[in-house]
Each structure stands twice: as structure tokens, then as C-alpha cells.
Amino acid sequence: MKREKMTVLSISPLAKDTVEMVLKTKNAVRKAKPGQFLYFQLPGHTLRRPISIAAIDKESGTVTIIFKVTGKGTELMATLPPGSVLDAIGPNGNPFPADENGSNAVLLIGGGIGVPPLYCLGKHFCAQGVKVYSVLGFQSREYVFYEEKFRKLGETVIVTDDGSYGEKGFVTDVLHRFKLYDTYFACGPLMMLKAVTKQLEDVPGFISMEERMGCGIGACYACIIEANTEEGYKKICSDGPVFRAGEVLL
Amino acid sequence: MTSLQVNMAGLTLKNPIMPASGCFGFGKEYSQFFDLNKLGAIVMKAATLEKRLGNPTPRVAETPSGMLNAIGLQNPGVDNIIRDELPFLSQFNSVIIANVAGTTIEEYEEVAKKLSATGQVDALELNISCPNVKEGGIQFGQDPELAKIVTERVKRATHLPVFVKLSPNVADIVSMAKAAEEAGADGLSMINTITGMQIHLPTKRPLLANNTGGLSGPAIKPVAIRMIYEVYPHVSIPIIGMGGISSAEDAVEFLLAGASAVAIGTANFQNPCICPEIIEELPKVLQKYGFNTVEEAIGKAVNR
């Protein structure tokens, strides 16, 4: 975890309110692992914005992030032209256990802006020869992104809440179709994570959480989640954002 | 060579810069970014007698030039802090200030006693100003009589210098400051956060789960400076100033208003190296405005 200046190489809209940004970095690209996040400072804003890493390209020295425009900070971020320099801390948090996992096949379950870190993870698994299945849920057609990229990793099902693209329903409606995996990895809205962890209670899994953060490094106790531990809580920024399913109380 | 050394309340600080309580945890996280020995002092996150789990989330919200927080004094409890956190902090040669919180006078006393007995703490900061807990905290900081009683009792429970951290959420800050001094306080810390609220438009509800939170950051800097300026002529004990400091210039403003040292809070979140950067810049800024030492600048803006 270091503070560094990153240069915006490209920025492009992916879907409604959804932006992909490729950043040139010296430190983060060498250290980052799937599931970790970068913590960006934006001019005129007090708090940094935590954004997960969607791709790591060690050869070109770049990381890709995908963020949703949800407020003034991300609005500003979406207008930064290539060549802009961003102050970032990272990589923060703990990654998905992708190396020591020993999986033969994994199921990725993403909802909305929870999809990007799973792409990073899926690519990592693919490169290791692990079979990857994906279920991605979006609000509606205009919010869908990265479908083709996920299809290249393996069998992929897209669902939308209103049925305007892919199949109508929630990710939990189609999970039963996948049987040949040993671990799942999920990232998305809290309601989705609750439903997924309940439905897949008997399967080992990992989830990635988000929360409004203060320091982003574990010092301020802003992004706390209740946990089944002696302490009774975990810090999402530094103990997470990835947790073993069941470790934290959703 | 500009001297940054500050002597106050029997403590010698190599410089007047310290991270503010609650914004720096117990130091470990920030030690990944810089050598904590650079700090004049380190103020620990508040300790209560038992562990506290704090408020529901969301606990923070960004505001114009600042932020709201409603952590709710989450901490592992004083015994765990002494066992798990203090040994790490005691390896540094900076002054260690422990922040003491509670819901009853007895709790404040007990926490103060335990921390004093470690021999690893140099001073106490009495937190009678946390706006985010239902009981205790701020209620002692809004009534001069209660502030007096809790300060007196804690003073009797410790041999360490006690800084009373004042709340800005009062009508008359001077009477609070005088009450603390009369009760034997060795110094004042001012100011804690200002109670505020933000409404989340999509849900049409307060954004923070606690509804209200404490406002910090540059937004409150003028309030802090005004209060220090008002209190300074009325007390003879030193003041640790805080509230939105994010540069060496800001720090010097606080010194001129009457602070003997300053604490950096919210700015740590923007820049984890802000404290050492301010320490580095401070001699230049002091020189620029004609001061050879920190002590020369203290209270210079005030007609005492």
C-alpha cells in the first residue's frame, strides 16, 4: 500500500453511468491482486473514493478500474480527460484467495458495479487453468457491461431485473444451473450477497463488500461490519473487502 | 535553524504536530507510510472501560470542505488497548497522549487509572465532547459543573497531565474552558467536532445511520480558530488546537490564535503523510512570517 500519482491513459463509457478508466501506475500494478481496491483523491473532495481493480496488466504497467457515477465525486472522475493525474493510495485491502485456493472450477457471481473485481479474478483463474463460470446481474439492458469479456473466460449467464436483456430475474434465480464448481466468489449489492450466501450455504465461498470509508487503511473504524469473531466486527477496508462467506453478518 | 520544540504542561514535544484522536487509530496503519518518530505527539483513539462496538453504518459522509462522522467511540476497551496497542506505540520517542472516554464519572476515573499505571502514556486527553454517543461524552462537555467534576476526579486518579477536550457545541466556550482550568486541567484540546446532519436525497433520510454526526475538516477551521482566540486570554494553561488543519499555514494560524500545539485530523484521510509534510514545511512558514521558534508565535494574534 503506497500513495502514488497515476496517469489516466483512457476513459470510456461502458454502460449507463458506468465508466472504464485505464491508469498508468508504477507501484500498484506490481503489487495489486484481484479483489483489492485503489483509494482515489479528487480535487475539492474531502474523502477519497474506493474503487476496485478490474484488470491488472503488468506488461503495460496499467490497471483498469470501472466505476459507477453515483455522486459528485464520481461525476468529476468521469470527466477527467486522458493525461490527467490522479492521487491514489493502494492497493488496499485483502485480495480474493485466488492462488492458494486449490479450486478446479469456480463460480463468479456479480451484481452491477460489483462485477469489475470478479473480471480481474476470473482472468487470474483462467490463466491458472481453473474453469470459470459466471452469473452477472444488472438492473436493465442499459447497465450491462463486460458480457463478451466474461464469455471469453467461460460459460456466462446474464440476468436483468426487468428482463430487458438476458434472462429476467436475479442472479439467485439461475445459480442452481451450475453444479460443477467447488468455490464461489460474489460481489454486488448487500441484498444480493445476503441472498447468495443463504442459497449457497453449503458451498465454500468468498464475498467482497463495500461501505463508505474514512481513512481506507483501517485506522478510523468507519467501515465496520459485524462479524462472528471474538472482537465482534471486521473492518471492510483492511480486514476485507473480501471475506469468507459466513465470516461477517450481512 | 528554527526551533520547533514546544514545552507544555510539563511535556517536551520535538514539534507541535500530532495526529488527532480517532483519526489515527493506534498508529500501526500510518506507520506503513512514515516513521512515527517524526511526530511531536501521538494521540490515541478514545479508550473506554469495556469494548464498544460503535454505531451502525454508514458512519461517515462527505460534506462541502469537510466530513461528518458518527463512529460512536468504537474501541476494544482499555485493557485490550493496553495489551495490544500500547506496546507498539511505546517504541516511538514521541509523546504519547491517551484519549479517555466514558459514560460515567467512575468510568473516566477507572480508564484514566489503568492508562496511568502502564507507565507508557505521557498525558491524558479527557474526551468530554464526543457528539456521537447517547450517554456520557458530550453531556460532560456542555455543562461547566459536570466538566469540573469529571476533570477533578480524573486529576485525582492520575499523576499525568490532563488535557480536557472541549466541545464547540456550547453557547459559552470560555466558561467551559475556565471550568476545566479551575478543576485542575493541565491543558485544553479544542475543538472536537460540530454536530451536523446530511440528508441523503435518494432515500430522503439522514445519510448517517446515527442521523447526526460530528463535522470536521476545513469547514470548521474558522470556528476552531475563533474559539481558541476567545479562550486564550482567559486561561493560563496551554491549548492543543485542532479543526480542519491541512497545511503548515493552517497550523501557524492556530498558533497565532493561542494554540501551543496542533492536532491534524481529517487531513490524514486525504494524505496519510500530511503530518510529516506539515512538520517539514513548518520552519519555512514560521520563518516567512518572522518567527524563529514555535513558542514565539503562540497567541501573537491575541491582545492578551
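The values are calculated or read from the model by the stated rules, or taken from the named source; none is laboratory data. This is a predicted model, so every value here is computed, not measured. Please note: Cβ atoms are built from the backbone with ideal geometry, for glycine as well, and neighbour counts cover all protein chains shown.
In the set (1) in contact (Cβ under 8 Å) with a residue 60 or more places away in the chain; (2) assigned to a loop (DSSP other than H, G, I, E, B); (3) surrounded by fewer than 24 Cβ atoms within 10 Å (Cβ to Cβ), the condition left unmet by residue B:71 is number (3).
Mind checking which pairs have a first residue in the stretch B:147-159 that is farther than 14 Å from residue B:103 by Cα and surrounded by 16 or more Cβ atoms within 10 Å (Cβ to Cβ) and a second that is modelled with pLDDT of 95 or more and among the hydroxyl-bearing types (Ser, Thr, Tyr), Cβ under 6 Å, 6 or more apart or different chains? The qualifying pairs are B:158/B:116. Taken together, B:63, B:12 contain a single residue that is touching a helix residue (DSSP H, G or I) at 6+ places or on another chain (Cβ under 9 Å), modelled with pLDDT of 95 or more and of a type in the set (Val, Ile, Thr), which is B:63. Only one of the listed residues (A:83, A:61, A:44) is touching a residue at least 40 places away in the same chain (Cβ under 8 Å) and on the phi > 0 side of the Ramachandran plot. That residue is A:83.
Of all residues in the stretch B:57-89, those satisfying the criterion of being among the hydrophobic types (A, V, I, L, M, F, W, C), within 14 Å of chain A (Cβ to nearest Cβ) and under 19 Å from the mean Cα position of the chain (by Cα) are B:60, B:67, B:68, B:70, B:71, B:73, B:81, B:89. Just give me the residues in the stretch A:176-210 being within 14 Å of residue A:240 (Cα to Cα) and of a type in the set (D, E, K, R), in sequence order. The one that is within 14 Å of residue A:240 (Cα to Cα) and of a type in the set (D, E, K, R): A:210.
Scanning the stretch A:207-225 for residues that are on the phi < 0 side of the Ramachandran plot and at the interface with chain B (Cβ under 8 Å from one of its Cβ atoms) yields A:211, A:212, A:213, A:214, A:215, A:217, A:219, A:220, A:222, A:223, A:224, A:225.
Can you tell me which residue within the stretch B:258-277, out of those that are surrounded by fewer than 24 Cβ atoms within 10 Å (Cβ to Cβ) and in contact (Cβ under 8 Å) with a residue 40 or more places away in the chain, is nearest to the other protein chains (Cβ to nearest Cβ)? Among those residues, the one meeting the criterion is B:273.
In the stretch A:55-78, how many residues are crowded, with 18+ Cβ neighbours inside 10 Å and either farther than 30 Å from residue A:205 by Cβ or away from every other protein chain (no Cβ under 14 Å) (or both)? Residues that pass the stated criteria total 10.
Within the stretch B:90-188, considering only strands (runs of 3 or more DSSP E) that don't extend past its boundaries, which have at least 3 residues that are more than 19 Å from the chain's Cα centre (by Cα) and of a type in the set (Val, Ile, Thr)?
none
Of all residues in the stretch B:25-53, which are under 21 Å from residue B:282 (Cα atoms), assigned to a loop (DSSP other than H, G, I, E, B) and within 12 Å of another protein chain (Cβ to nearest Cβ)? Answer for the stretch B:25-53, where residues must be under 21 Å from residue B:282 (Cα atoms), assigned to a loop (DSSP other than H, G, I, E, B) and within 12 Å of another protein chain (Cβ to nearest Cβ): B:33, B:34.
Annotation: of all residues in the stretch A:226-243 being without any contact (Cβ under 8 Å) to a residue 40 or more places away in the chain and away from every other protein chain (no Cβ under 13 Å), the one that is surrounded by the most Cβ atoms within 10 Å (Cβ to Cβ) is A:243. Residues in the stretch A:30-50 that are more than 14 Å from chain B (Cβ to nearest Cβ) and out of contact with any Pro (no Cβ under 9 Å at 6 or more places or on another chain): 1 in all.
Within the stretch B:188-210, is even one residue more than 23 Å from residue B:71 (Cα to Cα) and in contact (Cβ under 8 Å) with a residue 60 or more places away in the chain? No; the residues of the stretch B:188-210 include none that is more than 23 Å from residue B:71 (Cα to Cα) and in contact (Cβ under 8 Å) with a residue 60 or more places away in the chain. The set of residues in the stretch A:19-39 being buried (at least 23 other Cβ atoms within 10 Å of the Cβ) and β-branched (Val, Ile, Thr) consists of A:25 alone. Candidates A:145, A:170: the one that is under 25 Å from residue A:248 (Cβ atoms) and out of contact with any helix residue (DSSP H, G or I) (no Cβ under 6 Å at 6 or more places or on another chain) is A:170. Scan the stretch A:79-103 for residues that are surrounded by 19 or more Cβ atoms within 10 Å (Cβ to Cβ), of a type outside the set (A, V, I, L, M) and not in a loop (DSSP other than H, G, I, E, B) and the total you get is 3.
Name the single residue, out of those in the stretch B:218-248 being within 14 Å of chain A (Cβ to nearest Cβ) and in a helix (DSSP H, G or I), that is surrounded by the most Cβ atoms within 10 Å (Cβ to Cβ). Applying the filter and picking the extreme gives B:220.
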